[in-house]
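Single-structure report; data block below.
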Amino acid sequence: MTDAISSFGAVGRPVSIHTDDAAKARLKGRYRTETWFKWLGAAAVAVAGLFLVLLLSTIVTQAIPALRQNYLTLPIDLSAAKVDPAKLDEVNYDAIAQEALTAKFPDVTSRQDKRLLRGLISTGTGVFLRKDIAADPGMLGGTVDYAVPLDDFADLYLKGLLADVGSDEAISTSVTPSQTSGDIDLTFGDDAMLALARGHGATEGENGRLTLTSGASSLLVAFNGGTVKLTALSPAANGTVIAKGTVIEALDSTAPAASGQAFLRVIETPEASRKISDKVIVWLDTLKSAGLIESRFNSIFFFTGASREPELAGVWGAVVGSFLTMIVTLAIAFPIGVSAAIYLEEFAPKNRLTTMIEVNINNLAAVPSIVFGLLGLAVFLNFFGMPRSAPVVGGMVLALMTLPIIIIASRASLRAVPPSIREAALGIGASKVQTVFHHVLPLAMPGIMTGTILGMAHALGETAPLLMIGMVAFIVDIPGGFTDPATILPVQIFMWADFPEAGFQQKTSAAILILLVFLVIMNAIAVILRRRFERRW
Amino acid sequence: MVGYLVVLLLVLAAAAYWIGRTRAIASVNGDVARLHSLPGQHGMFLALFAAGPALLAIVVWSLVTPGIESSIIADRFSSELSGMGVPQVEAFIRDARAMAFGGLVGFADPTKEAAAALYKSVHATSTWIIWTVALVLSASGFYWAYSRIAPAYRARHVVERILRAFLIACSVVAILTTVGIVLSLIFESLRFFQQVPFYKFLFGTHWSPQSAFTGAGAEAGAVNEDIFGMVPLFAGTLLITFIAMLVAAPIGLMAAIYLSDYASKSVRAVAKPVLEILAGIPTVVYGFFAALTVAPYFRGIGESLGLNVASESALAAGVVMGIMIIPFVSSLSDDVINAVPQSLRDGSAGLGATKSETIRKVVLPAALPGIVSAMLLAVSRAIGETMIVVMAAGLAANLTANPLEAVTTVTVQIVTLLVGDQEFDSAKTLAAFALGLVLFCITLTLNIVALRVVQKYREQYD
């Protein structure tokens with residue numbers, strides 16, 4: 001009996017290899033594998049999505065600062081003494097703008113500092129000023145308030161991208177300066193500054209002396225209408241602290257500042273590891289607190305051509321170049337691609353030639369794009385002697401590259417038109433050509449257009465073949481025609497990505513954003529076309 | 001000026017269409033039923049003959065003249081240009097052209113001005129010739145076709161035959177492109193192999209073409225044959241491709257499996273566009289991402305682990321390339337997995353297999369040829385990819401299997417050799433074409449093998 005009981009489970013069914021404990025464990029394991037497998041699949045999709053989010057968020061966060069540019073309003077002296085209305089082209093407008101800037105800081109006297117100060121405004125200032133005066137001669141004759149673009153370092157600092165600056169904090173003790181300018185001594189009423197300096201990377205020396213080198217954060221003390229940068233601190237008798245400092249902006253007087261009257265500003269990023277000095281930061285903050293700096297929509301970026309100066313570089317030249325190139329590509333690839341598709345799908349007999357064409361098209365679709373560039377270089381440039389860097393050649397190369405995409409999409413679309421349409425047309429006496437062009441083609445057109453737009457979107461983002469035919473040249477002018485030297489948006493991105501200036505990183509991201517916007521628009525049009533016009537039979 | 005000619009011809013064509021139509025109708029006194037072809041077909045016939053030959057002549061002219069004009073200039077100024085290398089001559093002719101047509105020139109000198117003047121006159125002559133030729137062709141074509149129009153004339157047949165010829169010509173462009181690629185690569189490569197023996201190119205392990213010559217420019221000395229060994233480039237390409245496939249193959253395949261067999265409709269509605277967007281992002285964007293975000297990130301991780309990661313490591317380029325290829329792998333695998341008939345899945349489920357068992361033991365084996373083919377195509381894609389490696393991989397040709405070091409690839413070297421000033425007869429630039437030929441052969445072989453795998457091992461259901 002015991003045997004019989006043991007061979008029956010709790011529910012009274014016989015235990016077999018499918019229901020014993022080992023089987024249950026097996027089943028559990030199988031279900032676990034199932035769950036694992038499912039989650040692995042979900043994780044793969046999630047990882048792909050994560051990559052996309054990471055990519056796009058990196059680009060967008062970097063691009064946003066480039067959409068605005070900081071301008072400094074200066075009183076520019078355009079009186080007849082400075083600008084001779086008869087000789088507008090010979091005036092050194094840059095110098096006039098720089099004078100206006102240096103006049104704002106009368107106590108900046110050393111040559112080096114003056115150069116630093118002049119460097120705050122863009123080197124393109126003179127060009128803008130000249131252009132605006134030419135457009136509005138009414139500016140001449142007196143002093144006008146004119147907004148000039150800031151240099152890229154100044155601009156990046158104001159956008160908070162170059163240095164980590166804390167907000168001003170009131171110092172809760174008295175501060176007494178020894179002089180108003182030069183290297184001075186500051187006496188602090190208590191020793192709170194010592195702990196603060198230690199916390200910001202000051203170097204310990206003998207007798208408790210702390211030195212703030214360029215590897216430490218910068219501690220700036222603002223009071224009496226000036227700013228002092230601390231270089232060293234040492235504890236003195238009766239609990240006070242004597243600090244050595246360099247005056248960046250002259251103080252009004254040597255009167256001691258009472259508790260709460262002096263302010264401490266900490267620039268966390270050490271001076272050695274940023275590209276902007278303490279002086280420039282103080283000047284910019286002064287200008288900013290005077291309300292002279294204003295952030296505007298960056299029209300320079302959107303409406304000018306390339307430049308070696310980050311703050312003057314724009315994408316308009318590349319956008320026009322891309323546009324011209326795309327026109328050529330479309331003009332060549334669309335008619336040829338659709339014609340080839342019509343022939344192969346509607347007319348071609350099954351023979352060696354058509355098989356060869358089909359094999360060729362499929363192979364071309366998988367040839368690396370750079371090989372098309374080599375073709376363009378060897379055939380179009382060297383054999384036919386066409387101009388380098390021209391949109392017409394770029395367009396031709398991209399057209400050859402896009403052709404297989406358009407042919408394959410068009411054939412699929414033509415194939416989707418049911419035979420009954422053709423038979424009906426033939427039945428009422430239309431010729432083969434009339435059948436195709438009056439009936440089949442119009443019905444297949446939405447699909448063909450969709451395929452073409454997707455092919456063009458692909459071509460718009462293509463870079464490698466165009467490097468081969470010289471579209472990588474540095475071109476400042478906006479191209480005016482199909483044979484002018486030009487560059488295109490992806491190549492511009494490639495070139496800017498290579499430039500070492502920090503400002504170009506944002507510009508590159510912004511250019512990428514523009515490219516992606518164009519691609520999104522094209523894809524959206526393709527989707528709309530597909531949704532609205534594509535018929536299902 | 002030739003632009004006006006094209007516009008003029010198009011206007012003429014429109015006029016000819018209208019004239020042909022009117023004449024056809026007039027020839028039967030308005031009783032259109034008596035015409036063999038429709039009036040519109042007569043119009044088309046006249047328009048084609050009035051504008052077609054002339055437009056064809058213009059196409060040929062615009063392809064041929066730039067070369068002829070440059071060679072005339074080079075020929076006429078051969079004494080002034082005799083001491084210069086090829087790039088200087090090219091620059092001279094480019095400047096002359098720019099001066100002649102009002103472009104910007106670096107600096108001008110009397111020789112260039114003379115060349116520009118000559119260029120202008122030569123161009124004026126050739127423009128005049130094409131105008132004459134085009135108008136004569138147009139007029140004679142129109143006259144000939146006009147005299148044909150009659151009620152019994154089979155205009156439709158002529159028009160349709162021309163149209164069909166045009167369609168065939170368009171299809172042949174694909175063949176011409178392939179022929180052009182193959183010929184240009186082979187010719188330039190042969191010139192390269194005259195200077196560097198091909199076995200040294202294929203099997204050499206040292207690559208540094210920047211030091212190819214002892215001298216510079218026209219005085220360059222003999223080519224050093226031993227610095228054109230492409231093995232390090234090939235190894236670097238394979239290393240990066242391998243890393244890319246390590247990322248793309250599992251993620252792409254699992255994503256395809258999940259989307260085809262597990263995902264609910266709403267998940268698919270989100271995930272598919274995500275993959276499509278990933279596929280639509282230009283490679284230059286991936287390159288920027290690799291160089292500016294991923295490479296420093298890997299470097300940072302390496303530093304914190306005490307590893308020395310190159311700032312242009314193969315790892316960063318490979319991983320980003322893998323991300324780029326994920327949608328490619330997943331969409332190809334998706335097609336293949338969906339092509340496995342539902343009856344196989346149902347049968348497996350009927351035997352009590354779980355979904356994952358069905359996929360691993362039934363669906364994947366059935367889809368294996370297609371998946372292998374998809375992976376081969378992905379490898380081909382990775383080998384030919386250019387921008388990511390140009391921006392994120394190194395330039396130095398290290399022969400190493402360490403993914404943390406910088407390696408260079410075939411495509412990077414093609415770009416490096418051909419961007420910037422070129423001399424067209426130097427081994428350096430010709431080497432790029434030899435590399436291009438190797439690249440073309442490898443990708444072509446992979447594509448053909450991928451195709452054969454599917455054809456040969458595909459299970460035939462239905």
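Mean separation of Cα pairs under 8 Å and 6+ residues apart, divided by the residue count of chain A: what relative contact order is that in percent?
Answer for chain A is 14 percent.
Hey, what angle do you get for helix A:316-342 against the long axis of chain A, alpha-carbon based, 0 to 90 degrees rounded to 10? Tilt relative to chain A: about 0 degrees. Residue ranges B:42-49, A:221-228, B:344-351 sort as B:42-49, A:221-228, B:344-351 when ordered by packing (mean number of other C-beta atoms within 10 Å per residue, highest first).
For B:VAL407, nonlocal amide neighbours, meaning residues 5 or more places apart or on other chains whose placed amide H falls under 5 Å from its own, are B:ALA314, B:GLY394. Between A:ASN362 and A:LEU140, the contour length at 0.36 nm per residue exceeds the Cα-Cα span by 73.3 nm. Listing B:CYS441, B:CYS170 from fewest to most neighbouring C-beta atoms within 10 Å gives B:CYS441, B:CYS170.
Residue order for B:PHE203, B:PHE92, fewest other beta carbons within 10 angstrom first, comes to B:PHE203, B:PHE92. Summing Cβ point charges (Lys, Arg +1; Asp, Glu -1) relative to the Cα centre of segment A:229-356 gives a dipole of roughly 280 debye. Given a Förster radius of 30 Å and the C-beta distance between A:SER79 and A:SER273 as r, what FRET efficiency does 1/(1 + (r/R0)^6) yield to the nearest 0.05? Efficiency, from the Cβ-Cβ distance: 0.10.
What's the angle, to the nearest 10 degrees (0 to 90), between helix A:441-460's Cα axis and the longest principal axis of chain A? Long axis of A:441-460 versus the principal axis of chain A: about 40 degrees. Spin-label pair A:ALA147-B:VAL133: with each label point 7 Å from Cα along the Cα-Cβ axis, the two points sit 5.7 nm from one another. Judged by the mean number of other Cβ atoms found within 10 Å, the most tightly packed of the peptides A:493-503, A:369-379 leads the ranking A:369-379, A:493-503. In chain A, helical runs assigned H by DSSP with n ≥ 4 each contribute -39500 (n - 2.57); averaged across all residues and rounded to the nearest 500, the mean residue ellipticity at 222 nm is -15500 deg cm²/dmol. Think of segment A:169-274 as having a plus end and a minus end, set by charges on the Cβ of Lys, Arg, Asp and Glu; of A:ALA236, A:LEU210, A:ALA258, A:LEU210 sits farthest toward the positive end of this dipole. Placing a label point 7 Å from the Cα of A:SER295 along the Cα-to-Cβ direction, the residues of segment A:19-61 whose backbone N falls under 17 Å from that point are A:60-61. Peptides A:85-97, B:234-246, A:283-295, ordered by how many other C-beta atoms sit within 10 Å of their residues on average, highest first, read B:234-246, A:283-295, A:85-97. The mean count of C-beta atoms from other chains within 10 Å of the C-beta of residues in A:463-469, rounded to a whole number, is 5.
In this rough spin-label picture, where each label sits 7 Å from Cα along the Cβ direction, the B:ARG154-B:LEU56 distance is 2.0 nm. In percent, rounded to a whole number, the relative contact order of segment B:225-457 is 30, using alpha-carbon pairs under 8 Å and six or more apart. Here, chain B yields an orientationally averaged convex hull projection of 34.0 nm² when only Cα atoms define the hull.
For segment A:357-385 versus segment B:1-77, the spacing of their alpha-carbon centroids is 30 Å.
Within segment B:241-257, whose backbone N sits under 17 Å from a point 7 Å along Cα→Cβ of B:ALA279? Under 17 Å, as judged by backbone N against the label point of B:ALA279, lie B:248-257 of segment B:241-257.
Once the Cα atoms are used to define both axes, helix A:391-415 deviates from the longest principal axis of chain A by about 40 degrees.
Mean partner shielding of peptide A:50-56, defined as the number of other chain Cβ atoms within 10 Å of each residue Cβ, is 6. Taking a spot 7 Å from the Cα of A:ALA95 along the direction of its beta carbon, which residues of segment A:107-121 have an amide N less than 20 Å from it? Output list for this probe position: A:109-121. Label-to-label distance, A:TYR31 versus B:LEU404, with points set 7 angstrom from Cα along the beta-carbon direction: 4.5 nm.
Computed from backbone phi with θ = phi - 60° and the Karplus coefficients 6.51, -1.76 and 1.60, the 3J(HN,Hα) list for segment B:44-57 is 4, 4, 5, 5, 4, 6, 6, 10, x, x, 5, 5, 4, 4 Hz; x is used for glycine and proline. In this structure, the amide hydrogen of A:SER218, modeled 1.01 Å from its nitrogen in the peptide plane, lies closer than 5 angstrom to those of A:ILE267, A:GLU271, counting only residues at least 5 positions away or on a different chain.
For the segment A:511-517, counting C-beta atoms of other chains within 10 Å of every residue's C-beta and taking the mean gives 3.
Consider all pairwise Cα distances in segment A:169-274 and report the whole-number % of them above 23 Å. It works out to 18 percent of all Cα pairs.
If you take the square roots of the eigenvalues of the alpha-carbon gyration tensor of the protein assembly as shown and sort them as a ≥ b ≥ c, do you get rounded (a/c under 1.5), prolate (a/b over b/c) or oblate? Oblate, since a/c reaches 1.5 and b/c is not below a/b.
Since every read-out is calculated from the coordinates, none of them should be taken as a lab result. Everything numeric in this text was worked out from a predicted model, so none of it was measured. So basically every Cβ, Gly included, is an ideal-geometry build from the backbone, and we count neighbours across all protein chains shown.
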